[in-house]
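This report refers to the structure that appears directly beneath it.
The values are calculated or read from the model by the stated rules, or taken from the named source; none is laboratory data. In this text, all values refer to a predicted model and were calculated from it rather than measured experimentally. Neighbour counts run over all protein chains shown; Cβ positions are idealised from the backbone, glycine included. Areas reflect the complete protein model, heavy atoms only, side chains present, ligands, DNA and RNA absent. Shrake-Rupley method; radii C 1.70, N 1.55, O 1.52, S 1.80 Å.
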Amino acid sequence: MASDSQHAIENLSQENLTKNMEHEDQVLFNYPTRSIVWKYFGFTKKGLGPAIKANLNMNTAICKLCKKSYANKGNTTNLLFHIDHDHKRTASGDENNNIKKAPTQPTIQALIANPGRLTQKSRTNLDDALLKLIVGKALPISLVKNPHFIEFTKLLDPRCSHNTRRLDKSYSAVTAHFIDDKWNLKSAVLQTKKVEGSHTSEKIAEGLKEVQTEWKLPTSLTLVTDNAANERKAAELLGWTRFGCYGHRINLVVKHALEVTELNKILGKSRRLVTFFHQSTSATDALIEKQKLVFSNTPGLIGHKLITDVPTRWNSTLAMLGRLAEQLPAIMSIIFDTNCLNKTAISTVKTYCLTSEEHSVVQELISVLKSFETATTILCAESSPTMHKVLPCMVKIKKKLEDVESNPLTSPVVKKVILKMKEELLKRTQVEDVPLLAALLNPDTKNLNFLTAEEQVSARQLLMDTALNLKVDNAALPNVKVKQEEAVSANLPDLPVLPDIDLESDQNVKFECEKEGPSEKKMKLTDMDEWFDDVCFIGESQQPLQNLIELEVHRYFSHNQPQSSKQQTLLQWWQANHYFYPQLATLAKKYLAVPASSVPSERVFSLAGIVVDKKRSRLKPDLVDTLIFMKMNIETYW
């Protein structure tokens, strides 16, 4: 077999050589098209007629340079390869240039000026080298200026990424939160990294340490996570302060409270009723017709559909109960109208419809759950600080529970739910240092009137100790000088520059002192300084740092906020007053930047689920990290 193949190859080579020799003396005619390929290839004529397509031998294309022939089957790829490989020419005719030039990459300046170019679906705009250059230089310039970073992490569950082909991908997102020099709250996604294997605390701690080293973050950080044990242990291994997400805490409190046995019966009937209307188009049409009759005076309620709750989201249960309570008159109209549906459907609606007692229980429960919903909305805000609102929200919720429980008209079922809520709140919402310090650094809640007198005293002492332990940084405190003797003094503001006046050139200027005669002795500048030493601040204070901080804290708590500053936001107030309280302003930048919930991480969670879907299941982890990084940060930092 080998000898036969070799013989065939030799025959083919000899045949090509013969053809080339035959075409050496023949005239080659161009193909009548505009393609640049036919500048180098031509065809022979069949007869004596004109050189048109009908008279050309179109089956074989012959190179004009080397007379080598190729089969012409309508595709010029083999002809282009011959030009580039054998003759070192490109299709444009340039010699000694067989490498096609890549399209020019957009510069960083062009991308900063026009960030929309990155949204184009082009691999050129997503070139790895360019993106690494942008990621490595542009963002850290904005971040490194501020020394106080609050780091935030959340593990991304691969089951929620809509990736049905490769469920082994799991990512961890790390987000930094900080307050910049202009007192604006900002956040940035630092990393979205694929986690291999099991999510142990050691592996999480190692990944966070990597991010800390790469971005040159401070050694002491506050880590905001959910209630996962591995994330709590990771914070302990790193020696960082950990704060549990209050959105997750509220979710657990309400979720366990809704598991009361007496309430499960009501929730079960409600779910079956909603499911029936969702599965029956005739029942849905009947409900809309009854809405038009019942809610004729309130047209905003017409067209509302019943809502199904989700087991992982307690607020969906609140939405389901609220919509059922709202549409109960229309549902009752369906029960009493035997002509709108068949008997089986009407019997089903009647079986699952809430009784008057159950309806009253639902109304009471809705009023209780709305307090938790309001607190969740407040604590999950992203554009403003939220940590200082944690303690007031919890106090407000507990007060609401006490009021409902003390009401003699409250049903026993709701009282059991409230008792369970109070147990869960006691377990999950202890007073912690981070929200306590944040509340103290808010001028509106600095007195902590919602706490006992003993707790207020201990809280102020905590603020004092934290301020004393904080390392004073000249970059963070521009108006403070630190001496080796642990003394600080504030710099006086710069005075405006006045124009020079030439008194000697003005012969008409006469001083009153000259009229009275010469003075006994002119005062020196140093003598003048000594004369003002009991009025003006001359030189540097020799007071210990502890005394100055105690004085600053005392001045902060004794300061009465004017009515004009009530219109300012918290960060606007600190921007206007940070020169008066430099040490406390540093603490405010540190603790007010801590988010009270995991909403920023949930945004990365949702985006990762869109990026890594079943149609893009083979994306490399580095590319996923780059795409999410650019999507989350480009509008803020470029």
So which of Ala345, Ala283 is over 29 Å from Leu252 (Cβ atoms), under 43 Å from the mean Cα position of the chain (by Cα) and not acidic (Asp, Glu)? Ala283
In this structure, does Ala228 turn out to be of a type in the set (Gly, Ala, Ser), open to solvent by less than 10 Å² (accessible area, probe 1.4 Å) and either within 26 Å of Ser198 (Cβ to Cβ) or in contact (Cβ under 8 Å) with a residue 24 or more places away in the chain (or both)? no
For Ser411, which of the numbered conditions (1) at pLDDT 90 or above; (2) over 23 Å from Glu262 (Cα atoms); (3) small (Gly, Ala, Ser) fails to hold? (2)
Quick check: is even one residue across segment 174-185 in contact (Cβ under 8 Å) with a residue 12 or more places away in the chain, surrounded by 18 or more Cβ atoms within 10 Å (Cβ to Cβ), in contact with a strand residue (DSSP E or B) (Cβ under 7 Å, 6 or more places away or on another chain) and of a type in the set (Gly, Ala, Ser)? yes
Quick check on segment 195-212. Is at least one of its residues among the hydrophobic types (A, V, I, L, M, F, W, C), open to solvent by less than 30 Å² (accessible area, probe 1.4 Å) and within 30 Å of Ala330 (Cβ to Cβ)? no
Top-ranked residue in segment 557-583 [being in contact with a helix residue (DSSP H, G or I) (Cβ under 6 Å, 6 or more places away or on another chain) and closer than 20 Å to Gln461 by Cα; ranked as surrounded by the most Cβ atoms within 10 Å (Cβ to Cβ)]: Gln583
Among (1) surrounded by fewer than 17 Cβ atoms within 10 Å (Cβ to Cβ); (2) in contact (Cβ under 8 Å) with a residue 24 or more places away in the chain; (3) assigned to a helix (DSSP H, G or I), Thr308 falls short only on (3)
Looking only at segment 420-445, count how many residues are open to solvent by 10 Å² or more (accessible area, probe 1.4 Å), touching a residue at least 12 places away in the same chain (Cβ under 8 Å) and assigned to a loop (DSSP other than H, G, I, E, B). 7
From the residues in segment 49-75 that are basic (Lys, Arg) and in contact with a strand residue (DSSP E or B) (Cβ under 8 Å, 6 or more places away or on another chain), which one is modelled with the lowest pLDDT? Lys64
Can you tell me which residues in segment 571-590 are touching a strand residue (DSSP E or B) at 6+ places or on another chain (Cβ under 9 Å) and assigned to a loop (DSSP other than H, G, I, E, B)? Tyr579
Pro158 versus (1) open to solvent by less than 10 Å² (accessible area, probe 1.4 Å); (2) modelled with pLDDT under 80; (3) out of contact with any Pro (no Cβ under 6 Å at 6 or more places or on another chain): which is the lone unmet condition? (1)
What do you reckon, is Val414 open to solvent by less than 20 Å² (accessible area, probe 1.4 Å), touching a residue at least 24 places away in the same chain (Cβ under 8 Å), over 24 Å from Ile179 (Cα atoms) and out of contact with any Lys or Arg (no Cβ under 9 Å at 6 or more places or on another chain)? yes
Quick one: would you say Leu293 is open to solvent by 30 Å² or more (accessible area, probe 1.4 Å) and part of a helix (DSSP H, G or I)? yes
Out of segment 378-411, which residues are of a type in the set (S, T, N, Q), surrounded by fewer than 16 Cβ atoms within 10 Å (Cβ to Cβ) and over 30 Å from Asp180 (Cα atoms)? Ser406, Asn407
For segment 362-377: of the residues being of a type in the set (Gly, Ala, Ser) and free of Cβ contacts under 8 Å to residues at least 60 places away in the same chain, which is surrounded by the most Cβ atoms within 10 Å (Cβ to Cβ)? Ser371
The number of residues in segment 600-638 that are among the hydrophobic types (A, V, I, L, M, F, W, C), assigned to a loop (DSSP other than H, G, I, E, B) and open to solvent by 40 Å² or more (accessible area, probe 1.4 Å) is 1
